[in-house]
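*Asks:* Below you'll find the structure I mean.
The values are calculated or read from the model by the stated rules, or taken from the named source; none is laboratory data. Owing to the predicted nature of the structure, the values given are computational and were not obtained by experimental measurement. So basically every Cβ, Gly included, is an ideal-geometry build from the backbone, and we count neighbours across all protein chains shown.
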Amino acid sequence: MRHFGKKVHYKDWDFDSIKERDFFIQFIENSGKKFKIHPSYKVVDKFPVGGYNQRGITYAPDFVVFGTDSAVEHVYDVKTGINQRVVDTSAKLRFKLFSLRTGLPVEVVVPRKHDFKMKLYGFTTNFQEPHTRKKRNGKVVTDYYNVYKNIDYDIADLIGF
């Protein structure tokens, strides 16, 4: 299933959705940190199959934020939700391939009015904060994510590297 937001232009940048632009304005633009918007990373090189080449795979996160030492601090992908309908299998596979290639996790973020949810996919242990909610049918569902009011947190503290 594909989800496409309305493309938005803001200052010198083009964003894939209004939520993406709003996340940028609220949390990244005035953070004082260097950043890149939609940089492309090769996660799988092209390779031969028979007498032909298979194409490689690239991944372009929405935002990459750099620290004062120019090292990558955060790799953000903005979504409208953190459930399986919004973050599909192909997106999770690209996140995992990116992490394999770079050693950095992709932080899936869902902007809200004064903060944002952040979820890391693909880990074998649920080390993020549990949040439970009751569905209409009475079933209790638990999801794991963190909530932040700014991007001044250290992802290394969360995953321990």
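*Asks:* Within the range 71-82, count every residue that is free of Cβ contacts under 8 Å to residues at least 60 places away in the same chain and surrounded by fewer than 20 Cβ atoms within 10 Å (Cβ to Cβ).
*Replies:* Number satisfying all stated conditions: 3.
*Asks:* Here's a follow-up. List every residue pair whose Cβ atoms sit under 6 Å apart, with the two residues 6 or more apart in sequence or on different chains, where the first one lies in the range 6-22 and is in contact (Cβ under 8 Å) with a residue 12 or more places away in the chain and assigned to a loop (DSSP other than H, G, I, E, B) and the second, anywhere, is surrounded by 14 or more Cβ atoms within 10 Å (Cβ to Cβ) and polar (S, T, N, Q).
*Replies:* Matching pairs, first to second residue: none at all.
*Asks:* Kindly indicate the residue of the range 117-148 that is hydrophobic (A, V, I, L, M, F, W, C) and more than 11 Å from I82 (Cβ to Cβ) and also farthest from the chain's Cα centre (by Cα) among those meeting that condition. Don't jump to the end; show me each part of the working.
*Replies:* Here is the first cut: in the range 117-148, the residues hydrophobic (A, V, I, L, M, F, W, C) are 118, 120, 123, 127, 140-141, 147.
Restricting the remaining residues to those that are more than 11 Å from I82 (Cβ to Cβ) gives 123, 127, 140-141, 147.
Values: F123: 14, F127: 17, V140: 26, V141: 22, V147: 14 Å.
Ranking the qualifying residues of the range 117-148, first place goes to V140.
*Asks:* Output the residue which, of all residues in the range 64-84 that are part of a strand (DSSP E or B) and not charged (D, E, K, R), is nearest to the chain's Cα centre (by Cα).
*Replies:* Filtering the range 64-84 down to residues part of a strand (DSSP E or B) leaves 64-66, 72-78.
Filter again for not charged (D, E, K, R), leaving 64-66, 72, 74-76, 78.
On the way: V64: 9, V65: 12, F66: 15, V72: 14, H74: 9, V75: 6, Y76: 4, V78: 6 Å.
If we take residues in the range 64-84 being part of a strand (DSSP E or B) and not charged (D, E, K, R), then Y76 is nearest to the chain's Cα centre (by Cα).
*Asks:* For P61, state whether it is part of a loop (DSSP other than H, G, I, E, B), closer than 19 Å to D154 by Cα and modelled with pLDDT of 95 or more.
*Replies:* Numbers: part of a loop (DSSP other than H, G, I, E, B): yes; closer than 19 Å to D154 by Cα: yes; modelled with pLDDT of 95 or more: yes.
Considered against the rule, which asks whether it is part of a loop (DSSP other than H, G, I, E, B), closer than 19 Å to D154 by Cα and modelled with pLDDT of 95 or more, P61 comes out as yes.
*Asks:* Is it the case that some residue within the range 12-19 is of a type outside the set (A, V, I, L, M, F, W, C), within 15 Å of the chain's Cα centre (by Cα) and at pLDDT 95 or above? Walk me through it before giving the result.
*Replies:* First, the residues of the range 12-19 that are of a type outside the set (A, V, I, L, M, F, W, C): 12, 14, 16-17, 19.
Now narrow it down to the ones that are within 15 Å of the chain's Cα centre (by Cα): 16-17, 19.
Of the ones still in play, those that are also at pLDDT 95 or above are none.
No; the residues of the range 12-19 include none that is of a type outside the set (A, V, I, L, M, F, W, C), within 15 Å of the chain's Cα centre (by Cα) and at pLDDT 95 or above.
*Asks:* Six or more apart or on different chains, Cβ under 9 Å: which pairs go from a residue in the range 41-56 that's within 22 Å of K96 (Cβ to Cβ) to one that's outside any strand (DSSP E or B) and among the β-branched types (V, I, T)? Could you list them?
*Replies:* Y41/T102; V43/T102
*Asks:* While we're here: Quick check on the range 111-161: of everything there that is β-branched (V, I, T) and closer than 18 Å to D22 by Cα, which residue is surrounded by the most Cβ atoms within 10 Å (Cβ to Cβ)? Break it down into steps so the answer makes sense when it comes.
*Replies:* Within the range 111-161, the first condition is being β-branched (V, I, T), and the residues that meet it are 124-125, 132, 140-142, 147, 151, 155, 159.
Okay, now just the ones that are also closer than 18 Å to D22 by Cα, so 147, 151.
On the way: V147: 13, I151: 22.
Ranking the qualifying residues of the range 111-161, first place goes to I151.
*Asks:* Here is a further query. Regarding the range 94-108, can at least one residue be identified that is closer than 16 Å to F24 by Cβ and under 15 Å from the mean Cα position of the chain (by Cα)? Steps first, please.
*Replies:* Taking the range 94-108 as the starting set, the residues that turn out to be closer than 16 Å to F24 by Cβ are 107-108.
The next check asks that each one be under 15 Å from the mean Cα position of the chain (by Cα); those that pass are 107-108.
Checked the range 94-108: at least one residue is closer than 16 Å to F24 by Cβ and under 15 Å from the mean Cα position of the chain (by Cα).
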